[in-house]
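These notes concern the structure reproduced below.
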Amino acid sequence: MNERALRVLGLPTVLDRLAGRTASVAGRERALALVPSADLEEVERRQRETTEARFLLEHAGGLPVRGVRDIRAPVHRAGIGGALAPRELLDVRDTLAAGRLLRGFVVGRADDVPALADLAEGIEVFTEIEAEIAGALNDEGIVLDSASPELAKIRRERRSGEARLRERMEQVLRTPALARMLQDPLITIRGDRFVVPVRAEFREQFPGVAHDSSSSGMTVFMEPLAAVPLGNRLRELMSAEREEISRILTALSALVGESAERITDTLGVLAALDLDAAKAQLSAELSAATPHLNADGRADLRAARHPLLTGIVVPIDIRIGDAFRTLVITGPNTGGKTVALRTLGLLTLMAECGLHVPAAPESQVAVFPSVYADIGDEQSIEQNLSTFSSHLRAIVEILSSLTETPPGHARALVLLDEVGAGTDPTEGAALARAIIETLHARGVCTAVTTHYNELKSLAFTHPGVENASVEFDEVTLRPTYRLLIGTPGRSNALAIAARLGLESDVIERARGYLSRQATDLTRVIERVEEERDELSGERAALARERAELARAQARAREELQRLAEDRRRTLERAQAELAALQRRGRQELEALLGALRAKPTPAATARVREYLRRVSEIADTYAAETRTEAPGEVLEDVRAGDEVLVASLGQRGTAQGPPDARGDVEVQLGALKVRVPRDDLRRPVGAAPAAPAVAPRGVTTFDRTVSVPSSIHLRRMTTEEALAELDKYLDDATLAGLPRVTVIHGKGTGTLRRAVHDHLAHHPEVASYRLGGDGEGGSGATIVELGRR
C-alpha cells in the first residue's frame, strides 16, 4: 500500500485508536503495525474474526484477554539458559493461565465463532509449567517451603537457630553487668547479624564483635561473643537457603526454556485474539458493520460516516466502480467534497485491515491492490516546493506506479483533491482534464474534487465518468453535506453575493463577464436539479404507496390466518362433538346388543337397526360439513369475474382481475379481499363428491359391506377360541347388515361342528343355519341366515 495514502487518509490515527483498546503490549504492537491487505481471502478472514469477536462482545461479554503479560523477553532469556526472577515466573504463570482460559472460552463456542475457534486452537496449554510455578511461588513472589524438601529442611533449622540465638541474646540483656552498658535493651540486626546497641564509652569493656555504629557515633552495634557461634550457624543456613532458592528458580526457568518456542507461538495467538477483541470494541463504538467484499473494484458505501469526525456527522452515500469508475465531485468550499474522498478511501483501508466500517450493513467495499491519495496541503519548505508542485509530484508518482489494466479489473483506487489547483486556472483545468482522462484510460477507479467547470462536461463525453456534487442550501447559505451522484455542482458565488446584499447592478455586471458556455452549463445544472427534486418527490410518494400496500398485505395475511384459525377451531369442535357422540353411541349400542343376546325380540332388533341408521346419517352430515373442497385444475389464465378456489384455504371466491407484476391475484372471499399467488388458485369442480373425512382417533366408522367379510375360518382353533371368534364375528356381520354368512369349521371328528351348531341355535341374530351343499363346503361348513324376526 502507498505510504502517503495511508498517512493522508488518516489510517494511523484509526490504528492508534484501535491500539488503545488492546489489553496487552503485544496486541497494541499488532494494532499499530496493522496494514491493509490486497488479498480478498485474507480480508474476508480478518472480517470474519472481527464479526465473531463482535458477536462475543454482545452476547458473552467479549473475549477474556485480560491477564496477558508481555513475557516475550523473559521467555527468550529462559530459552537461551538464563534464570528468571520470581516476578517474571509469576507473569509466565499468569499469562499461560489466561491463555488456557481464553482457549476454553473460544473453543467451547466453536459453533458460533468457528474462525476464532480455529485461531484459538493454536493456544497450547502448559499445565505442568503452571503447576510447578504455582507450587513453588506465592503471589508475592516468595519461594514457598514446599518448593523442595531441602528448602523446607533448611528453613526449619533456620527458624530453630533464630529462636536459640534470640534466647541467648535475651540472656545478655538480662545480665546486670552487661545491661548497664547498653544504650537500649533491644535486639536488632546489622548485616545479617543479631546485635545489641552498646554505648560508645563501653565499647572496649563489652565482650563482643562490633558490626556497625550510629551516625552520631554515640552507639556501637555489637554481637555478644556468646552469640557468635549461633550467628555463624545462622548465616550458613541463610546462605544455604539462598543457594537452594537459586537452584529452584533455575529449575523453573529451565522448564520454561524447554517450551520457549511453543510459548512464543502461543503468545502470537494471544496477541492476535487481543487485536480481534479491540476490533470488536472499536466496531461497537463506531456502530460499524461488516461490509460486503469484492475484488471487482465496486464500492457502494451507504450512510457512510467518517470515523474521525466528531459531533453531528451527516452520513453520505458514495459509489464507484460499477456503472462508472471515475467520479468528478464539484461544489463549494467547506461543502464536504474532501470529506467524501477521505471517507471513501479510509473506509476502504479499514475494511482491508479487517475493521468494520461505519456504514449501513448492505454497503459494498472493494479490495483494491493499491490505494493512492493526494489530499491536503503538503508543501515542503526544505525542498522549496509550492502547493502546486507538491501535488504534481504526488500525481507523477501515482502515474508512474500504474500500468494499463485489463478491462473489468480495477488495479487501484486513486483519490485526488482539487486536482490541477494552485496555478493558472486555464492551464490547471487543462492539466486536470488530461490527468483524469489518463487515469480513466488506465482502468483504475478514480474520484477527484474540483472547482473547474470544464471538468463537469467529462461525464457527457466519456462513458464511465460520472458527476457528483455536494448539496448547498441557498437559503441558509450553508452546505448540507449530502453527496448527490449524477448531478454536477454549480457555482453559488453570485447567488450568495445577492443574498448577502451585494448591489444588483454589480451582480448583473458579473453575470455579463461569464462566458456563454458557463451560463448555459449553469442553466443545464439548474434544470437537472429541478428534475432531481421532482424525481425525489415521486420516489417519496412511491415509497409511501409501497409502505401502505405492504401494510394492506400484512392485514390481509393476518385476516387469512384468522380465517384459517377459525376454520381449524371449528373442525376441532366438530371432531370433539362427533367423538363424544360416538362414545355415547357405542355405550348405548353395547347395551342394546347385550339386551338382544339376553332376550332376542323383534323390538330390540328394530332398535339396533334404527340406531345404525342414525349413526350413518350423523357421520354423513359430519363429513359434508367438515370436508375441504377438492382442488380442481390449475388456472393458466385468470380474468376479472372468474370463480376460483384458493387451495390453501379450501375457500371459493371471485377473481378481481388478472395477476399483477409479482404474479399475485386479488380475490374476493365473502366480505374480504385478499391477494394470493396465482399458483395457489384452482378452477372449482362443479359437483365433485367430497373427499371422505378422516376420522379422529378413537372414532369408529361404519362400512356396511367392505369392513366385514362374508365368511369366517375356525379350523385349527380350540372350541373355546372358535366360539369367542364366532360370537364377535356374528355381531360385526349383524352391524354391517350382512344377510348370510358362511362358518368354515372343517369336518374332522365333528366336535367343533356340533359346538358351533349348538351356539348358533341360541344366538339371537341367527334366523336359521344348515350344512353347506355342493360348492358351499359340504359338511365342513355351515351356512347361517341372519336377521331373526
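Scalar couplings 3J(HN,Hα) for the range 180-195, obtained by applying the Karplus form with A = 6.51, B = -1.76, C = 1.60 to θ = phi - 60°, are 5, 8, 7, 5, 9, x, 9, 10, 9, 10, 9, x, 6, 10, 7, 9 Hz; x denotes Gly and Pro. Rolling a 1.4 angstrom probe over the protein heavy atoms with all chains in place gives the range 86-227 an accessible area of 52 Å² per residue. For the range 146-284, the calculated P(r) over all alpha carbon pairs, in 10 Å bins from 0 to the bin holding the longest distance, is 11, 26, 18, 14, 11, 11, 8, 2, 0 percent. Across all C-alpha atoms in the range 720-789, the radius of gyration and Dmax reach 11.4, 33 Å. Keeping the other protein chains in place, figure out the carbon and sulfur percent of the accessible area of the range 46-142, with a 1.4 Å probe. The computed percentage sits at 51. Under 17 Å from the Cα of K337, which lysines turn up, not counting those fewer than eight places away in the same chain? K337 reaches K456. With the cut-off at 1.5 for a/c, could you classify the range 209-252 from its C-alpha gyration tensor as rounded, prolate or oblate? Since a/c reaches 1.5 but b/c is at least a/b, the shape of the range 209-252 is classed as oblate. Straight-distance candidates among the lysines for linking to K728, with alpha-carbon spacing under 29 Å and chain neighbours fewer than 8 residues away dropped: K599, K747. Annotation: peptides 234-244, 561-571, 461-471, ranked by per-residue average of other Cβ atoms within 10 Å with the highest first, follow the order 461-471, 234-244, 561-571.
Extension gain for the segment D774 to D637, taken as residue separation times 0.36 nm less the Cα-Cα distance, is 42.8 nm to one decimal.
Whole-Hz Karplus values for the range 133-149 come out as 5, 5, x, 9, 10, 8, 5, 8, x, 8, 6, 7, 4, 6, 5, 7, x Hz, taken residue by residue from phi with 6.51 cos²θ - 1.76 cosθ + 1.60 and θ = phi - 60°; glycine and proline positions read x. Compactness of the range 43-201 was expressed as the Cα radius of gyration divided by 2.2 N^0.38 Å, which yields 1.81. Modelled spin-label separation between D39 and M717, with each label point placed 7 Å from Cα along the Cα-to-Cβ direction: 8.2 nm. Cα-based values for the range 10-114, radius of gyration first and Dmax second, are 16.4, 46 Å. The overall shape of the range 165-204 is oblate: from the C-alpha gyration tensor, with semi-axes ordered a ≥ b ≥ c, the ratio a/c is 1.5 or greater and a/b is no larger than b/c.
Our estimate of slack between S504 and E725, defined as 0.36 nm per intervening residue step minus the Cα-Cα distance, is 67.7 nm.
The values are calculated or read from the model by the stated rules, or taken from the named source; none is laboratory data. The shown structure was predicted, so the numbers you read here are calculated from the model rather than taken from an experiment. All Cβ positions, even for glycine, are placed from backbone atoms using ideal geometry, and neighbour counts span all protein chains on display. SASA here: full protein model, heavy atoms, side chains in, ligands and nucleic acids out. Shrake-Rupley method; radii C 1.70, N 1.55, O 1.52, S 1.80 Å.
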